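Before any comments, here is the structure.
The values are calculated or read from the model by the stated rules, or taken from the named source; none is laboratory data. Keep in mind the model is a prediction, meaning the values are calculated, not measured. Cβ sites come from the backbone with ideal geometry, for glycine too, and all protein chains shown count toward neighbours.
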């Protein structure tokens, strides 16, 4: 299970809505305590692919975000990205490109702008398994 602070979710949603013409993406920081993974921070990262269906995280921005997390005593918990026109599930391309076995992949769907959907996945052996996600204050 992954817990996501409401404030981090709202930041992801605002950033995704502001990114038009390309897939919004970034990383999420947090802490793992007693097996509980808690997302507490949001880092938007430029999509260097500049594509509405694929993303590539800007390496410099990613490094800067990782350094900022370390200063705060946090670590990277997840990679997140937005699907504007499809469900909140990982595509075959995204599963193949996933390289973080310890982290989660959060997919935000804006297919229905009035009812955004956020799902989390763990990727193992070429498949994405949905994990329970809970928004918390």
Given the conditions (1) over 12 Å from the mean Cα position of the chain (by Cα); (2) modelled with pLDDT under 95; (3) under 18 Å from residue 133 (Cβ atoms), every one holds for residue 53 apart from (3)
Being assigned to a strand (DSSP E or B) and in contact with a helix residue (DSSP H, G or I) (Cβ under 8 Å, 6 or more places away or on another chain) is the filter; apply it to region 44-60 and report the residue that is surrounded by the most Cβ atoms within 10 Å (Cβ to Cβ).
-> 45
Of all residues in region 8-26, count the ones that are part of a loop (DSSP other than H, G, I, E, B) and surrounded by fewer than 21 Cβ atoms within 10 Å (Cβ to Cβ).
-> 5
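Farther than 21 Å from residue 98 by Cα, in contact with a strand residue (DSSP E or B) (Cβ under 9 Å, 6 or more places away or on another chain) and modelled with pLDDT of 95 or more: which single residue out of 43, 9 fits that description? First the steps, then the outcome.
Numbers: 43 fails: farther than 21 Å from residue 98 by Cα.
Answer to the selection: 9.
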Members of region 123-137 that are surrounded by 17 or more Cβ atoms within 10 Å (Cβ to Cβ) and free of Cβ contacts under 8 Å to residues at least 40 places away in the same chain | 123, 128
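Test residue 36 against the stated conditions and say whether it is out of contact with any helix residue (DSSP H, G or I) (no Cβ under 8 Å at 6 or more places or on another chain) and over 24 Å from residue 135 (Cβ atoms).
Numbers: out of contact with any helix residue (DSSP H, G or I) (no Cβ under 8 Å at 6 or more places or on another chain): yes; over 24 Å from residue 135 (Cβ atoms): no.
It is false that residue 36 is out of contact with any helix residue (DSSP H, G or I) (no Cβ under 8 Å at 6 or more places or on another chain) and over 24 Å from residue 135 (Cβ atoms).
So that you can scan it fast, the table gives a plain yes or no per residue for (1) part of a helix (DSSP H, G or I); (2) touching a residue at least 24 places away in the same chain (Cβ under 8 Å):
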| residue | (1), (2) |
| --- | --- |
| 28 | no, yes |
| 42 | no, yes |
| 62 | yes, yes |
| 85 | no, yes |
| 101 | no, no |
| 106 | no, yes |
| 121 | no, yes |
Here are some conditions: (1) surrounded by 15 or more Cβ atoms within 10 Å (Cβ to Cβ); (2) at pLDDT below 95. Residue 96 meets all but one. Which one does it not meet?
-> (1)
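When you check residue 78 against the structure, is it under 13 Å from residue 27 (Cβ atoms) and surrounded by 10 or more Cβ atoms within 10 Å (Cβ to Cβ), yes or no?
Numbers: under 13 Å from residue 27 (Cβ atoms): yes; surrounded by 10 or more Cβ atoms within 10 Å (Cβ to Cβ): yes.
Yes.
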